[in-house]
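What follows is one structure encoded as structure tokens, with my remarks underneath.
The values are calculated or read from the model by the stated rules, or taken from the named source; none is laboratory data. A quick note: this is a predicted structure, and the numbers were derived from the prediction, not measured. When we count neighbours, we look across all protein chains shown, and the Cβ atoms used for this are built from the backbone with ideal geometry, even at glycine.
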Amino acid sequence: MIRRERLTCYACAILTDHVHVLIRKHRLTGEAMSAACKEGIREALRSTGTVPGDHPVFSADVCDMYKSDPGAVRSCIEYIRDNFPKHGLPVVDYDFVTPYDDGPFHNR
């Protein structure tokens, strides 16, 4: 879904009972990105048989937060990565996560 929607994901932690994801500002609204992420994860879990086809997978509880400067983005990336050990899980480097380059605030 990240690739299909051409989103830039700077951090992601898929945990046993919740997900943290940091996505760069995009043409989609935050609500649309949340919905697309939830649908992509739901499809993946159902297609692998991890959950039954009629399982709702997600609650209605979504928290959208906006980061407005590079320091806040870097702190958020660290917070997301720190969730793996907090939940007793190994850190995972997903292939759809892009290293942060201080954008879109930097000058080139």
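Apart from one condition, residue 78 fits all of (1) at pLDDT below 85; (2) over 13 Å from the mean Cα position of the chain (by Cα); the exception is (1).
Results for (1) touching a strand residue (DSSP E or B) at 6+ places or on another chain (Cβ under 6 Å); (2) in a loop (DSSP other than H, G, I, E, B); (3) closer than 27 Å to residue 85 by Cβ; (4) of a type in the set (Ser, Thr, Tyr), shown as yes or no for each residue.
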| residue | (1), (2), (3), (4) |
| --- | --- |
| 5 | no, yes, no, no |
| 13 | yes, no, yes, no |
| 16 | no, yes, yes, yes |
| 20 | yes, no, yes, no |
| 32 | no, no, no, no |
| 35 | no, no, no, no |
| 39 | no, no, no, no |
| 43 | no, no, no, no |
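For region 54-99, a tally of residues being of a type in the set (Asp, Glu) and within 20 Å of residue 25 (Cα to Cα) returns 4. If only residues of region 73-98 that are touching a Phe, Trp or Tyr at 6+ places or on another chain (Cβ under 9 Å), free of Cβ contacts under 8 Å to residues at least 60 places away in the same chain and of a type outside the set (Val, Ile, Thr) are counted, the one that is surrounded by the most Cβ atoms within 10 Å (Cβ to Cβ) is 74.
Once region 55-92 is narrowed to residues that are polar (S, T, N, Q) and assigned to a loop (DSSP other than H, G, I, E, B), the residue that is nearest to residue 20 (Cα to Cα) is 59. Which residues, counting only those in region 1-36, are modelled with pLDDT of 85 or more, among the β-branched types (Val, Ile, Thr), farther than 11 Å from residue 64 by Cα and crowded, with 17+ Cβ neighbours inside 10 Å? Passing the criteria: only 8.
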